[in-house]
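The values are calculated or read from the model by the stated rules, or taken from the named source; none is laboratory data. Please read these numbers as outputs of a predicted model, since none were measured by experiment. Don't worry about glycine lacking a Cβ; one is built from the backbone with ideal geometry, like all the others, and counts go over all protein chains shown.
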Amino acid sequence: MEITYASSSSRNLAGAADASSSSDLKLNRQVKVIPLQHPSSSSSSRIAAFAWPWKLKRMSWIQWMEFFLPCFRWIRIYNIKDSLQSDLLSGITVGIMLVPQAMSYAKLAGLHPIYGLYSGFVPIFVYALFGSSRQLAIGPVALVSLLVSNVLGEIADSSEALYTELAILLALMVGVLECIMGLLRLGWLIRFISHSVISGFTTSSAIIIALSQAKYFLGYDIVRSSKIVPLVKSIIAGADKV
């Protein structure tokens, strides 16, 4: 199979070039023929299999530091004069907003507000050293808080000390798992999750969170559940208490 770059108007261009020969302008249109070659699957698989060991052997100690500590990539090129003032202002603004937000997420998870502050500030400092994305949001979110509350609520009551201990153990297990996945560079697994699935999951989670917080402005208790139907039934059943 061959591909040519000649267009259908090449004859017209050649005619125009002949007509303008009086002005000593000649149009030389060369057609280059490139054969289309399909790489075999065996050769591509062999290249992929031997690429990583070859790269690891040629990596210097600076590249190894950048591999495990991505902060070395931007520290060396960071411009203090141009970026320090804006980054400092952004950090103060985010820190002020993070205090009430983290405390509310801790209450949503059934924990003391102080644990929300721990989970809000500590991961940010750690991710500044080990993180590689400038757009990724770090810290507690409403969805994770709701999942923790629903899972641990079936094991222990939120007023017991066992509930807090289980929450700390759960955070440790998730952190170890994420560290292992980060070292193994398993971020490509997210490609198997379609955008429609993520969008539907996020939308349903927002509805559940909104319904679960309705007890604060309705004035009566609502059952703790991760499903929409039990929450709606609980709201309707307690309407006579208003």
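I'm checking my understanding of the structure. Among residues of region 69-119 that are over 24 Å from the mean Cα position of the chain (by Cα) and of a type in the set (Lys, Arg), which one is farthest from TYR163 (Cα to Cα)? Here the answer is LYS81. Among the residues of region 108-161, the one identified as among the β-branched types (Val, Ile, Thr), farther than 17 Å from VAL174 by Cα and in contact with a Leu (Cβ under 9 Å, 6 or more places away or on another chain) is ILE155.
So if I check each of ASP240, ASP221, which one is exposed (fewer than 15 other Cβ atoms within 10 Å of the Cβ), not assigned by TED's automatic domain parsing to the domain that holds TYR118 and not in a helix (DSSP H, G or I)? If you could, list the steps in order and put the result at the bottom.
Values: ASP240 fails: not in a helix (DSSP H, G or I).
When all the criteria are applied, what remains is ASP221.
Name every residue in region 177-196 that is over 15 Å from the mean Cα position of the chain (by Cα) and either among the aliphatic types (A, V, I, L, M) or closer than 18 Å to ILE228 by Cα (or both), in order of residue number. Within region 177-196, LEU177, ILE180, LEU183, LEU184 meet the criteria.
Here the condition is being over 24 Å from SER204 (Cβ atoms) and touching a Phe, Trp or Tyr at 6+ places or on another chain (Cβ under 7 Å); of ALA156, ALA142, ALA161, it holds for ALA156 alone.
Considering only region 227-236, I want to know if a residue exists there that is assigned to a loop (DSSP other than H, G, I, E, B) and crowded, with 16+ Cβ neighbours inside 10 Å. Working first, answer last.
First, pick out the residues of region 227-236 that are assigned to a loop (DSSP other than H, G, I, E, B): 227.
Then keep just the ones that are crowded, with 16+ Cβ neighbours inside 10 Å; that gives none.
Within region 227-236, none of the residues are assigned to a loop (DSSP other than H, G, I, E, B) and crowded, with 16+ Cβ neighbours inside 10 Å.
Of all residues in region 224-237, those satisfying the criterion of being at pLDDT 80 or above and either in the same structural domain as LEU143 (by TED's automatic domain parsing) or closer than 16 Å to ASN150 by Cβ (or both) are ILE228, VAL229, PRO230, LEU231, SER234. The numbered conditions (1) modelled with pLDDT under 80; (2) outside the structural domain of GLY116 (by TED's automatic domain parsing); (3) aromatic (Phe, Trp, Tyr) are all true for PHE201 except (1).
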